[in-house]
Amino acid sequence: MKITLAGSPGSGKSTLRRQIAERYGLVTKGTGEFMRDLSVKFGYSDITKFLVEYVSVHPEVDRQVDEEQRIFGKENEDFVLDAHLGFHFVPDSIRIRLICDLEEAARRILNDSDRTAEEPKNIRSSMDASKKRRETMRKNFMNLYQVDIDEYSNFDFVLDTTALSSEEVFERVSSFIDLQIA
């Protein structure tokens, strides 16, 4: 079973990816970790600054990450891939998109002690960074592939996680997955 997760920063993708992998016995892969590692390698402590200042003028970074997910999707069968363009590069996957209110997403990001490649220190700066990051990715992907990551018709299931706990998100998504594999 191939599952791809997409969504805005703070929507719950990483948490959901771990829960799905555990429930269905799947391997996990996330392009966000790869991008965060690259940002540090290139001297950026903040992922948004890396995307806006570096990746936007070096499309080869996006192309490298995207080619890796295409190959991963082609060569593997049982996985959950957390990637903004996973739905595009692994078209035979169950394609899930999470959305979340910008303020709630910012709150989640600020409260996530595992996030080390983001600098915002308050709700407003976190919201601004998330919005800028999302707009930059959308623009970059439109320019590179003519693919709109915000077009819901690209997905099999879209869920607004704003008012949901991670357990409720998992319950709704796993119910949808169960229907797809039944």
Give, as ranges by residue number, the residues of the range 148-181 whose backbone N falls under 19 Å from the point 7 Å along Cα→Cβ of ILE123. 161-165
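Contour minus end-to-end for GLU168 and ASP78, with contour as 0.36 nm per residue of separation and end-to-end as the Cα-Cα distance?
Residue separation times 0.36 nm, minus the Cα-Cα distance, leaves 30.0 nm.
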If the chain between TYR54 and GLU151 were fully extended at 0.36 nm per residue, the gain over the current Cα-Cα distance would be 32.4 nm
In the chain, how does Rg compare with the Kirkwood Rh, expressed as the Rg/Rh ratio over alpha carbon atoms? 0.94
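Output the pairs from LYS13/LYS74; LYS29/LYS74; LYS2/LYS74; LYS41/LYS74; LYS49/LYS132; LYS13/LYS121 with a Cα-Cα distance over 19 Å in this structure; if there are none, say none.
Values: LYS13/LYS74 22 Å; LYS29/LYS74 14 Å; LYS2/LYS74 10 Å; LYS41/LYS74 28 Å; LYS49/LYS132 9 Å; LYS13/LYS121 21 Å.
The pairs that break the limit, which is 19 Å between Cα atoms, are LYS13/LYS74; LYS41/LYS74; LYS13/LYS121.
Read-outs: derived from the displayed coordinates by stated rules, not from any lab. Note that the structure is predicted; figures quoted are calculated from it, not measured. For neighbour counting, all protein chains shown are included, and Cβ atoms are generated from backbone atoms with ideal geometry for every residue, glycine included.
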